[in-house]
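Okay, structure first, notes after.
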Amino acid sequence: MNQRKRTAVLISGRGSNMRALVERAQDPSYPAEIVLVLSNRADAEGLRFAAEKKIACAVTDHKIYAGREEFERSMQRLLELHRIELICLAGFMRILTPWFVSQWEGRLINIHPALLPSYRGLDTHARALADGVKIHGCTVHFVVPAMDEGPIIAQAAVAVLDSDTPDSLAARVLAEEHEIYPAALALVAGGRLRVKGSRVYSEGSSSLPPALRVPVC
Ligand code: GRF
């Protein structure tokens, strides 16, 4: 069996997606192992959970660096020190430079709380409600220099209800995020994906359930 891919999860806050990844990766047959949780904020709530799970935690505070690239070079040193092979962004609230993204091409993925390419950026749930859309969801994608762009690995959709508020919609989308992110990381870590242009193709079957979840195969 191939070695499990050493994976870092980058967070800035609550860390519920990180938690979903850590929990799924506890299965020894899962192709990735979460070996580092890195935050740009010392008060990120998710760090406590990671520490309890005895996962190495690190804080690189962006505010103490002169610029974005200095901050990223410091993260890069940590990632190299921990021999990281894959990175998952999970609520990491810093824009990454083309330099950093190019170091990790094809090995850096993100989860976004909307069905990309709709609703890039922040406040996705409130904006979806304001537009009156009937379907909303989340996306896992490879990271490219442009924010919230990059080849899509997996998406999940939820129906928008008449009674929805941004919070209730966010909660249903978040439950889907916790399903598709571990499934998408498994596909990446298992080396089962091929990217051609903006499309991602998967070899073999995916563990993503059908329903409204759209796997890459
Ligand atoms: C999630 O909604 C994720 O899609 C977005 O930021 C939020 C992070 O939540 N990128 P959590 O920290 O994983 O709980």
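Quick note: the coordinates plus some simple rules give every number you see, no bench work behind them. Because the structure is predicted, anything quoted here is derived from the model rather than measured. Note that each Cβ is placed from the backbone with ideal geometry, even for glycine, and that neighbours are counted across all protein chains shown.
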#### Entry: Cα shape, region 1-104, gyration tensor, a/c 1.5 rule
oblate
### Query
Using mean Cβ contacts within 10 Å as the protection proxy, how do 127-133, 15-21 order, highest first?
15-21, 127-133
### Message
Run the reach check for Lys196 against aspartates and glutamates, Cα to Cα strictly under 14 Å, same-chain hits fewer than 8 apart removed. What comes back?
### Response
Glu105
### Query
Given H placed 1.01 Å from N in the peptide plane, which residues other than close sequence neighbours of Lys5 have an amide H under 5 Å from its amide H?
Ala32, Glu33
### Task
Among DSSP beta bridges lying fully in the chain, give the percent that are antiparallel, nearest 5.
50
### Query
Taking +1 at the Cβ of each Lys and Arg and -1 at the Cβ of each Asp and Glu, which of Ala184, Ala58, Tyr30 sits farthest along the dipole of the chain towards its positive end, judged by Cα position relative to the Cα centre?
Tyr30
### Task
Over all alpha-carbon pairs in the chain, figure out the percentage whose distance exceeds 22 Å.
49
#### Entry: Candidate lysines - alpha carbon under 26 Å from Lys53, same-chain residues fewer than 8 apart omitted
Lys5
### Estimated dipole of the chain in Debye, rounded to 20 [Cβ of Lys and Arg +1, of Asp and Glu -1, Cα centre]
540
